Amino acid sequence: MATPKKEIPRVGVFVCHCGINIGGVVKVSEVVEFAKTIPDVAYAEANLYTCSSEGISKIKEAIKKYNLNRVVVASCTPRTHEPLFRNACEEAGLNKYLFEMANIRDQCSWAHMHEPEKATTKAKDLVKMAVAKARLLEPQDEPEIDVTPSALVIGGGISGMTAALSMANQGFNVNIVEREPELGGMLAKLHMLCPNFEDASKALSSIVDAVKSNQKINVLTSSEVEDVKGFIGNFDVTVKKDDKPLKLNQGTIVVATGAENFEPINMYGYKSNENVLTQMQLEKLLKTGDLRKPDKVVMIQCVGAREEKGRQYCSRICCGVAIKNALIIKDLYPETELFIIFRDLQTYGQEYEACYTEAREKGVHFIKYTSSNPPEVSSNSEGKLTIKTYDAFLKEMVELESDLVVLSTPLIPQKDAEKLSKILKVPLGSDGFFFEAHVKLRPIDFATDGIFVCGSAHSPKDISESISQALGVASRAAIPMANKHVRADAITSIINEDLCSGCGTCVRICPYGAIQKNEIGIAQVTSVVCKGCGTCAASCPEKAITMRHFTDDQITAQALAALEG
Amino acid sequence: MEFEPKIVGFLCNWCSYAGADLAGVSRIQYPPNIRIVRVMCSGRIDPDFILETLIHGADGVLVMGCHPGDCHYIEGNLHAERKAKMLRNLIAETGLEPERMHLEWVSASEGARFAQLVKEFTDRITKLGPSPISGENPNKVILENLLAAKRTAGDFRLRVIVGRERELVEDKNAYGEKVPQEKLDELLSEAIKTEYTRNRIYNMLEKESLSVRELSKRLDLSTQDVLTNIVVMRKKGMLGVERIEGTTPIYMSLEVR
């Protein structure tokens, strides 16, 4: 749906030496001379560093002096430097979407260091391609959206409560939705915390009290999120409380739904022998003081975790939990003999490693097994347990008798994680936990603006890690709420209503639910929900969808420019 | 002079383009033949772009996206895969080597993998030689066929099947039924063959009005095949009779939409 161009493109091309990074391989002056011959290029120059303050002011000067209406910078990657150059354009009065980059460093000079001729040819082509796209670029607007200064926290465990408190203390209203009748989550089921042996109930009650007494926090227990519509700043949330629907308008959403404990049905005699427990059940016995003195206890690690197929991940916290519980039993009953049968021991961090050392000092035995030779547990008629296992250090089978076998099982995703992921339109990873926007750079954001994740909903975590993430999330979510408005992305799709046949293909394809049919059956995009992937445009049977800033014409022109000459 | 293939890459911003950047940052060297076009998601890559690029003489087109499960936009890459599957089938009909179009997954951390894949693809295309429709004397038959293929890929029918594949195979329809994958693949390849044949007829008649016999000769199709399709295409309003010579109708293409 290209509107007729009113203005003739006047493209300015700035080719960066990047010191010797580009200039040492690519003949920059040749590229500049070549750029001047490309149709619609009004000006071209070389810079030592285009991204330096000198380079930036040269761009701004040239825009004014040569009346440029498009800018191309041939330098590094748009993934790092596009925002900088776009700002320069904007400061010179040019819409920042009238800018394009040619990546002649990361994808040219650095990758073809020993072929300067060919690298120079490629750099020219990349500039030509960027100009071909730039000529067709159109200015875009980033609409401003108001943000409701209130957050929804899903999950009332330690992560959710911490995030809620932090946001409330910053002055924002918070609604906590908790499925259970009480706050607390998994922490409520624990005895003592690793690594400092603090009483879990004390730690919990202080934060529960703080949450309950905070005027800014509204706690909805026995409640579940039923539906979420809308977008950052304006989520329309339906919560079901005591079977009645409750409507909330929320600016941001925090997913803090935690995890469940894996139940190892039919593994190592669990359920068929009452002396085979999970660590979670052991915690309960320790908490209530119901653990009678055992002569021997054997703990088996990685039960149902790090599988070849199925749950492939390491649950991280189980090694620490086993060592902590072994130490607690040692404290209670010093004569009890303890064995921890492990595949690989992961006591990461200083404190956990210290617990491990302490356990060794106190005589807890550690036996390493291998995944090809897992332990076997059998019981005789009196219920006595026999554990046969391969010892990878002795390189032979060993046999142990025990009163109690404790299985260390992983945290697994909540059963309804998938349901919630569909309601929120945020992804789950291959292991079924919520999946962040970027594994390194955006660890607590979702790709969807205004929705964040913390705690074990994301992956198995201990309390301190959950708290750190919760505090991180609270500050991330506070940014749009404090600003009171956000700028929506301009790179979104638009529908040509004259061409739309109402077939609904795009409605089904959009992963964010950004496209709906209107009252006359024609597709309509809610721009602020659209994330700009463009799959709808590439799939529309009537070719009725235009992807802003990545139009069919622009992409084709860029590709075909590579084949000219 | 040694043959230097012209290769165009369509890469998604989040994984594969980042992987290409990482290859550079790591100073991993690979052949300089590829020219990369960045899109936000591999799902954005319309079959049209790939066919248009091949029609203009690219020796190879490399499409890259995030690994399944890693897509920044949840599953745009899987849509890209479905489009690639359709394209492979369609290009195979034209006489152009289908391996000139290739799809690969590269993550942002796989700089070495990116370089390796580009090297392998460049080597393969070098071995394959120049595209038959590049250079001074392009193979006119294949070029015509590709133009028909482009029209085919742009048609409603194929775009609907490809666009709705996930929904048809994975979700239940209004009647609570799912379409088995094999069944859908069958439907797709049948649709590709039929629509491609019709577009060849259409393109041929666009240039020159012809009889069934003449069409059958020029397109190397049986008269029965040509006639069956002409009947359908007339009903769809794609063709008309220009004149009748003796008793033989001479057909012409009509402008569609």
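Data for the structure
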| quantity | calculated |
| --- | --- |
| Residues of the range B:44-89 that turn out to be aliphatic (A, V, I, L, M) and in contact with an Asp or Glu (Cβ under 6 Å, 6 or more places away or on another chain), as a count | 1 |
| Test: residue in the range A:135-157 that is closer than 30 Å to A:Gly55 by Cβ and buried (at least 20 other Cβ atoms within 10 Å of the Cβ) | yes |
| Top-ranked residue of the range A:431-466 - restricted to ones that are without any contact (Cβ under 8 Å) to a residue 24 or more places away in the chain and out of contact with any Asp or Glu (no Cβ under 8 Å at 6 or more places or on another chain), ranked as nearest to A:Leu152 (Cα to Cα) | A:Phe435 |
| Condition broken by B:Leu54, with the remaining ones in (1) in a loop (DSSP other than H, G, I, E, B); (2) more than 9 Å from every other protein chain (Cβ to nearest Cβ); (3) over 26 Å from A:Pro511 (Cβ atoms) satisfied | (1) |
| Condition met for B:Ala18 (in contact (Cβ under 8 Å) with a residue 60 or more places away in the chain and farther than 25 Å from A:Cys536 by Cα) | no |
| B:Ile36 being among the β-branched types (Val, Ile, Thr), facing another protein chain (nearest Cβ under 10 Å) and in a loop (DSSP other than H, G, I, E, B) | no |
| Odd one out for B:Ala149 among (1) within 19 Å of the chain's Cα centre (by Cα); (2) over 23 Å from A:Leu499 (Cβ atoms); (3) more than 14 Å from chain A (Cβ to nearest Cβ) | (2) |
| Answer from A:Asn234, A:Asn249, A:Asn273, A:Asn261 - the residue that is surrounded by fewer than 21 Cβ atoms within 10 Å (Cβ to Cβ), more than 30 Å from A:Ile176 (Cβ to Cβ), touching a strand residue (DSSP E or B) at 6+ places or on another chain (Cβ under 8 Å) and touching a residue at least 60 places away in the same chain (Cβ under 8 Å) | A:Asn273 |
| Identity of the residue in the range A:130-155, among the charged types (D, E, K, R) and assigned to a helix (DSSP H, G or I), that ends up farthest from the other protein chains (Cβ to nearest Cβ) | A:Arg135 |
| Hits in the range B:101-137 - residues which are within 13 Å of another protein chain (Cβ to nearest Cβ), of a type outside the set (A, V, I, L, M, F, W, C) and assigned to a helix (DSSP H, G or I) | B:Gly111, B:Gln116, B:Lys119, B:Thr122 |
| Count of the range A:379-394 residues which are under 28 Å from A:Lys271 (Cβ atoms) and either of a type in the set (A, V, I, L, M) or modelled with pLDDT of 95 or more (or both) | 7 |
| Qualifying positions in the range B:9-31 - surrounded by fewer than 24 Cβ atoms within 10 Å (Cβ to Cβ) and under 25 Å from B:Ser134 (Cβ atoms) | B:Tyr30, B:Pro31 |
| Conditions (1) more than 17 Å from A:Arg10 (Cβ to Cβ); (2) surrounded by fewer than 23 Cβ atoms within 10 Å (Cβ to Cβ); (3) hydroxyl-bearing (Ser, Thr, Tyr); number of the one not met by A:Thr50 | (2) |
| Test: residue in the range B:86-98 that is of a type in the set (D, E, K, R), more than 10 Å from chain A (Cβ to nearest Cβ) and under 19 Å from A:Cys108 (Cα atoms) | no |
| Residue that is nearest to B:Gly24 (Cα to Cα), among those in the range A:69-103 that are surrounded by fewer than 23 Cβ atoms within 10 Å (Cβ to Cβ) and at the interface with chain B (Cβ under 8 Å from one of its Cβ atoms) | A:Thr77 |
| B:Leu221 being more than 25 Å from A:Cys510 (Cβ to Cβ) and outside any helix (DSSP H, G or I) | yes |
| Cβ pairs under 9 Å, 6+ apart, first in the range B:165-181 and more than 18 Å from A:Cys536 (Cα to Cα) and without any contact (Cβ under 8 Å) to a residue 24 or more places away in the chain, second among the polar types (S, T, N, Q) and in a loop (DSSP other than H, G, I, E, B) | B:Val179/B:Asn173 |
| Tally, over the range A:104-129, of residues that are closer than 23 Å to A:Ala557 by Cβ, within 7 Å of chain B (Cβ to nearest Cβ) and not charged (D, E, K, R) | 3 |
| Pair list, Cβ < 6 Å and 6+ apart or interchain, from the range A:150-179 residues that are acidic (Asp, Glu) to residues that are modelled with pLDDT of 95 or more | A:Glu178/A:Gly156; A:Glu178/A:Thr221 |
| Residues satisfying the stated conditions in the range B:57-71, i.e. of a type in the set (A, V, I, L, M, F, W, C) and more than 7 Å from chain A (Cβ to nearest Cβ) | B:Val61, B:Leu62, B:Val63, B:Met64, B:Cys66, B:Cys71 |
| Strands (runs of 3 or more DSSP E) wholly inside the range A:456-565 containing at least 2 residues that are more than 14 Å from chain B (Cβ to nearest Cβ) | A:485-487, A:493-495, A:515-517, A:523-525 |
| When residues of the range A:395-415 are limited to those that are exposed (fewer than 14 other Cβ atoms within 10 Å of the Cβ) and not basic (Lys, Arg), the one nearest to A:Lys271 (Cα to Cα) | A:Glu401 |
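Per-residue answers, yes or no, for (1) at pLDDT 95 or above; (2) over 30 Å from A:Ala544 (Cβ atoms); (3) within 22 Å of the chain's Cα centre (by Cα):
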| residue | (1), (2), (3) |
| --- | --- |
| B:Arg200 | yes, no, yes |
| B:Lys207 | no, no, no |
| B:Leu210 | yes, yes, no |
| B:Ser216 | yes, yes, no |
| B:Asp220 | no, yes, yes |
| B:Gly237 | no, no, no |
| B:Gly240 | no, no, no |
| B:Gly246 | no, yes, no |
| B:Leu254 | no, no, no |
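The values are calculated or read from the model by the stated rules, or taken from the named source; none is laboratory data. From a predicted model like this one, the values you see are computed outputs, not experimental measurements. Don't worry about glycine lacking a Cβ; one is built from the backbone with ideal geometry, like all the others, and counts go over all protein chains shown.
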